[in-house]
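Visitor: Here you go, one structure.
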Amino acid sequence: MKKIVATAVLIVTILLVVLSYRATTLFHDHQVEPATGITEIGVDEASALKHFSDALKIPTISHDDRSNFDATAFTDFHDFLKTAYPLIHQNAIRTVINDYSLVYHLPGSEPSLEPVLFMSHMDVVPVEDITSDEWTYPAFSGTVADGTIWGRGALDVKIGVVSLMEAMELLLSESAIPQRDIYFAFGHDEEVGGSDGAAKIAEYFAKKGVRFDYVLDEGGAVTVGLINTVDRPVAVIGVSEKGYVNIALTVEAPGGHSSSPPAQTGLGILSRAIVRLEDSPFPADLSHINQHFEFIGAHTAFMTRLFMGNQWLFTPLIKRMLLAEPGTAASIRTTTAATMISGSPKANILPTRAKAIINLRILPGETIETVKQRVVELIDDDRVLVSDEYGNNPSAVSPVDTRGFGLIAATIRGMDEDIVVAPYMLQGGTDAKYFYPLSDNVYRFLMFRATSKTLNYAHGIDEQVPVEDYLQAIRFYYHLIRQSMEA
Ligand SMILES: [Zn+2]
């Protein structure tokens, strides 16, 4: 008996030693050295604020119904840029793409170097009529008050357009001469998918044979209090994004009067198909979380490292914990959401055609074809026709051991050494998805602080940006562009 207890104690001790050893040694500090030369710069704050405010007054709205497109707002926005940023318009080659999107090209002295592309978008989402009274300041007033800039598009993402332009204008005023070509590209329909803007910009570059050292778009931020395993700010840089597809399930049936129905109507057949899909969600995959965790691991609590460092033992538990919350579940699996269904137009008529839409967000690594195949197999009912209606495949995953990622990370840390930088996968889509044919290194980040409150402002009521964050975004782009210009 004594022997059994002794053996058990020994086994538990060895196990604890192994677990702790992995927890303490597996996660070395991945943080890059802060960039040097990140000094205070001469931003004219009053003029920078005036420009941001002016940009927000122009209602460059993207409507789901593209026939509501207001061309004047976009040409007004182009005029605003010309007036506000004269040096850029003197020094850069400006190309209008598909009437409303813009490309600026500042040629470098060494054309053999691959250029760098900074992206943003000029369009904003509409303000719903019923909410317009709830805004503290009118949504298109461009009000600057209480240390804050208010307005639709402030956060998503005129802060990007305006701070890129401010930074470049300042660099040109200091007679900066790039070695490497720098491009800016501003789409005009990101909020409705980017097919008229960013997609056409990407085609334009492809035709010219331009390839980029790296591409930087919106889609990451300095999170504060959002990643609860780290008690420091975490700058997340998007290295991939999920795909999107609407899969239609259609059932054709004879129809007739509902007083003498068959055992199952078209809607019944569809309902069973949907239940089967919901009962067998896509498998969980920790690889994207693991890539992120490698960067933050060294800064997390011991218990977190104990679990993450011993996935040979804890994978099922980690998956169960992450799958318990829809937000974290979406970061480790392809999600399935039945969102629309239609049957017959009248209560007493059997549907001749029943249709449902399943919206899936696809994890990088899978494709529209592979998820469709799985849907067909799960439903396993040849009365249900499965077709994909609209979608785009998930992006590739951009590498993190590149000059571009290193520059972005080092610049962020150069501005505030306390910030931990980590790659992550976006659950939504950005214009950046169109640029994979032009560069392997496509990143998403914008220098502003994202808190749980901030995130509600994007597309929401009282969209706003603290003045301090705006100035910080200008400083960030200034230093990043300055370094990116070099060979
Ligand atoms: Zn956006």
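Visitor: Of 219, 238, 225, which residue is touching a Pro at 6+ places or on another chain (Cβ under 9 Å), within 30 Å of residue 298 (Cα to Cα), in contact (Cβ under 8 Å) with a residue 40 or more places away in the chain and within 14 Å of the ligand (Cβ to nearest atom)?
Guide: 238
Visitor: Taking the stretch 257-270, which residues are within 30 Å of residue 333 (Cβ to Cβ) and in contact (Cβ under 8 Å) with a residue 12 or more places away in the chain?
Guide: Residues satisfying the conditions are 266, 267, 269, 270.
Visitor: Need the failing condition index for residue 378 against (1) more than 16 Å from the ligand (Cβ to nearest atom); (2) closer than 27 Å to residue 219 by Cβ; (3) out of contact with any Gly (no Cβ under 8 Å at 6 or more places or on another chain), just the number.
Guide: (2)
Visitor: So how many residues does the stretch 277-308 have that are outside any loop (DSSP other than H, G, I, E, B), closer than 26 Å to residue 359 by Cα and aliphatic (A, V, I, L, M)?
Guide: Final tally of qualifying residues: 2.
Visitor: Among (1) closer than 21 Å to residue 186 by Cα; (2) more than 19 Å from the chain's Cα centre (by Cα), there is one condition residue 138 misses while meeting the rest; what is its number?
Guide: (1)
Visitor: Can you confirm whether residue 234 is closer than 22 Å to residue 27 by Cβ, surrounded by fewer than 21 Cβ atoms within 10 Å (Cβ to Cβ) and touching a helix residue (DSSP H, G or I) at 6+ places or on another chain (Cβ under 7 Å)?
Guide: Values: closer than 22 Å to residue 27 by Cβ: yes; surrounded by fewer than 21 Cβ atoms within 10 Å (Cβ to Cβ): no; touching a helix residue (DSSP H, G or I) at 6+ places or on another chain (Cβ under 7 Å): yes.
No.
Visitor: Among 411, 454, which is the only one that is within 15 Å of the ligand (Cβ to nearest atom), touching a helix residue (DSSP H, G or I) at 6+ places or on another chain (Cβ under 8 Å), among the hydroxyl-bearing types (Ser, Thr, Tyr) and outside any loop (DSSP other than H, G, I, E, B)?
Guide: When all the criteria are applied, what remains is 454.
Visitor: Mind checking which pairs have a first residue in the stretch 179-207 that is more than 21 Å from residue 244 (Cα to Cα) and among the aromatic types (Phe, Trp, Tyr) and a second that is within 16 Å of the ligand (Cβ to nearest atom) and assigned to a helix (DSSP H, G or I), Cβ under 7 Å, 6 or more apart or different chains?
Guide: So the pair list comes out as 184/164; 186/161.
Visitor: Is it the case that the stretch 242-259 has a residue that's within 22 Å of the chain's Cα centre (by Cα), within 16 Å of the ligand (Cβ to nearest atom) and at negative phi?
Guide: First, pick out the residues of the stretch 242-259 that are within 22 Å of the chain's Cα centre (by Cα): 242-246.
The next check asks that each one be within 16 Å of the ligand (Cβ to nearest atom); those that pass are 242, 244.
Subset that is at negative phi: 242, 244.
Scanning the stretch 242-259, I find at least one residue that is within 22 Å of the chain's Cα centre (by Cα), within 16 Å of the ligand (Cβ to nearest atom) and at negative phi, so the answer is yes.
Visitor: I'd like to know if the stretch 382-400 contains one or more residues that are of a type in the set (Phe, Trp, Tyr) and either under 30 Å from residue 261 (Cα atoms) or surrounded by fewer than 22 Cβ atoms within 10 Å (Cβ to Cβ) (or both).
Guide: Taking every residue of the stretch 382-400 in turn, at least one turns out to be of a type in the set (Phe, Trp, Tyr) and either under 30 Å from residue 261 (Cα atoms) or surrounded by fewer than 22 Cβ atoms within 10 Å (Cβ to Cβ) (or both).
This table checks each residue for (1) modelled with pLDDT under 95; (2) of a type in the set (A, V, I, L, M, F, W, C); (3) over 30 Å from residue 328 (Cβ atoms); (4) touching a strand residue (DSSP E or B) at 6+ places or on another chain (Cβ under 7 Å).
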{"position": "171", "(1), (2), (3), (4)": "no, yes, yes, no"}
{"position": "176", "(1), (2), (3), (4)": "yes, yes, yes, no"}
{"position": "198", "(1), (2), (3), (4)": "no, yes, no, yes"}
{"position": "249", "(1), (2), (3), (4)": "no, yes, no, yes"}
{"position": "255", "(1), (2), (3), (4)": "yes, no, yes, yes"}
{"position": "273", "(1), (2), (3), (4)": "no, yes, no, yes"}
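Visitor: With (1) touching a helix residue (DSSP H, G or I) at 6+ places or on another chain (Cβ under 9 Å); (2) over 25 Å from residue 367 (Cα atoms); (3) at pLDDT below 95 as the list, and residue 289 as the residue in question, which single condition is left unmet?
Guide: Of (1) touching a helix residue (DSSP H, G or I) at 6+ places or on another chain (Cβ under 9 Å); (2) over 25 Å from residue 367 (Cα atoms); (3) at pLDDT below 95, only one is false for residue 289: (2).
Visitor: A further question follows. Can you report the number of residues in the stretch 474-487 which are surrounded by fewer than 23 Cβ atoms within 10 Å (Cβ to Cβ) and either farther than 14 Å from residue 414 by Cα or of a type in the set (A, V, I, L, M, F, W, C) (or both)?
Guide: 3
Visitor: Of 13, 39, 72, which residue is within 22 Å of residue 162 (Cα to Cα), free of Cβ contacts under 8 Å to residues at least 40 places away in the same chain and assigned to a helix (DSSP H, G or I)?
Guide: Sole residue among the options that is within 22 Å of residue 162 (Cα to Cα), free of Cβ contacts under 8 Å to residues at least 40 places away in the same chain and assigned to a helix (DSSP H, G or I): 72.
Visitor: Residue by residue through the stretch 309-350, note down the ones that are farther than 16 Å from residue 282 by Cβ and assigned to a strand (DSSP E or B).
Guide: 339, 340, 341, 342, 349, 350
Visitor: Looking only at the stretch 430-451, which residues are within 16 Å of the ligand (Cβ to nearest atom), part of a helix (DSSP H, G or I) and hydroxyl-bearing (Ser, Thr, Tyr)?
Guide: Once the filter is applied, which keeps residues that are within 16 Å of the ligand (Cβ to nearest atom), part of a helix (DSSP H, G or I) and hydroxyl-bearing (Ser, Thr, Tyr), the stretch 430-451 yields only 434.
Visitor: Starting from residues that are part of a strand (DSSP E or B) and among the hydroxyl-bearing types (Ser, Thr, Tyr), keep the ones in the stretch 205-238 and report whichever is nearest to residue 449 (Cα to Cα). Please lay out each step first, then the result.
Guide: Keep residues of the stretch 205-238 that are part of a strand (DSSP E or B), which gives 214-217, 221-223, 234-238.
With the extra rule that they be among the hydroxyl-bearing types (Ser, Thr, Tyr), the set shrinks to 214, 223.
Working: 214: 23, 223: 6 Å.
Top of the filtered list is 223.
Visitor: Any residue in the stretch 147-161 that is more than 23 Å from residue 429 (Cα to Cα) sitting within a Cβ distance under 6 Å of a residue that is part of a helix (DSSP H, G or I) and within 14 Å of the ligand (Cβ to nearest atom)? List the pairs, counting only those 6 or more apart or interchain.
Guide: none
Visitor: Here is a follow-up. Looking only at the stretch 364-372, decide whether some residue is touching a residue at least 40 places away in the same chain (Cβ under 8 Å) and closer than 25 Å to residue 264 by Cβ.
Guide: Yes, there is a match, as at least one residue in the stretch 364-372 is touching a residue at least 40 places away in the same chain (Cβ under 8 Å) and closer than 25 Å to residue 264 by Cβ.
Visitor: For the stretch 132-154, enumerate the residues that are of a type outside the set (A, V, I, L, M, F, W, C) and within 14 Å of residue 52 (Cα to Cα).
Guide: Matches in the stretch 132-154: 141, 142, 143, 147, 148, 151, 152, 153.
The values are calculated or read from the model by the stated rules, or taken from the named source; none is laboratory data. Bear in mind the structure is a predicted one, so any value in this text is a computation, not a measurement. Note that we place each Cβ from the backbone using ideal geometry, even for glycine, and neighbour counts take in every protein chain shown.
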